[in-house]
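Student: Submitted below is the structure of interest, expressed as structure tokens.
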Amino acid sequence: MRWKRRTSEWDDHEVTNNWSGAKDLAGDARYTEKSVPLLTGRATRAFLENAPMRWHAQQEEERVYRRVGWGPLLDVFVIDMRSYRGRNTHNRQPAPDGDTAFLGAEQLVWLRDGPT
């Protein structure tokens, strides 16, 4: 039997609470830097420089999701539940759309087709 456990380590607090591409910090006095894309870039770089990860021939240079195999009995799936998600809303959409995206198409294909 193969045991599988899924976890996420890249979350919404590395940039600002509940960040997404649609986040607006213009009215938030706690932030002197108001550009969410700039804050995201800085947080991504700091995370990737300080997180021990093995990089294998991957298409996305800043990709966080990966599989770490530990022998024949354990695969650890590290998924990215922040970078590909839609904007933060009240989650009342009647049907799936861009705002309900969570893992992103590439990551879902990677999980479905057998991660490398």
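The values are calculated or read from the model by the stated rules, or taken from the named source; none is laboratory data. Computed from a predicted structure; not experimentally measured. Methodologically, a virtual Cβ is constructed for each residue, glycine included, from the backbone with ideal geometry; neighbour enumeration extends over all protein chains shown.
Student: Can you name the residue in segment 84-116 that is of a type in the set (Asp, Glu) and assigned to a helix (DSSP H, G or I) and, of all such residues, is nearest to Val15 (Cα to Cα)? Spell out the reasoning first.
Tutor: Within segment 84-116, the first condition is being of a type in the set (Asp, Glu), and the residues that meet it are 97, 99, 106, 113.
So of that shortlist, the ones also assigned to a helix (DSSP H, G or I) come out as 99, 106, 113.
On the way: Asp99: 19, Glu106: 23, Asp113: 31 Å.
The extreme case among them is Asp99.
Student: Anything in segment 65-83 that is modelled with pLDDT of 80 or more and either of a type in the set (Phe, Trp, Tyr) or part of a loop (DSSP other than H, G, I, E, B) (or both)? List them, or say none.
Tutor: If the condition is that a residue be modelled with pLDDT of 80 or more and either of a type in the set (Phe, Trp, Tyr) or part of a loop (DSSP other than H, G, I, E, B) (or both), then Tyr65, Trp70, Phe77, Asp80 are the ones that fit.
Student: On to the next question. Is segment 19-33 home to any residue that is closer than 25 Å to Val109 by Cβ and either loosely packed, with under 11 Cβ neighbours inside 10 Å or at pLDDT 80 or above (or both)? It would help to see each step written out before you state the result.
Tutor: So in segment 19-33, the residues closer than 25 Å to Val109 by Cβ come out as 19-22.
Okay, now just the ones that are also either loosely packed, with under 11 Cβ neighbours inside 10 Å or at pLDDT 80 or above (or both), so none.
No - not one qualifying residue is present in segment 19-33.
Student: What number of residues within segment 88-105 satisfy the criterion of being surrounded by 13 or more Cβ atoms within 10 Å (Cβ to Cβ) and charged (D, E, K, R)?
Tutor: Summing the residues that are surrounded by 13 or more Cβ atoms within 10 Å (Cβ to Cβ) and charged (D, E, K, R) in segment 88-105 gives 1.
Student: Scan segment 61-72 and report the pairs whose first residue is of a type in the set (A, V, I, L, M) and whose second residue is exposed (fewer than 11 other Cβ atoms within 10 Å of the Cβ), with Cβ atoms within less than 8 Å and a gap of 6+ or a chain change.
Tutor: Val68/Arg54
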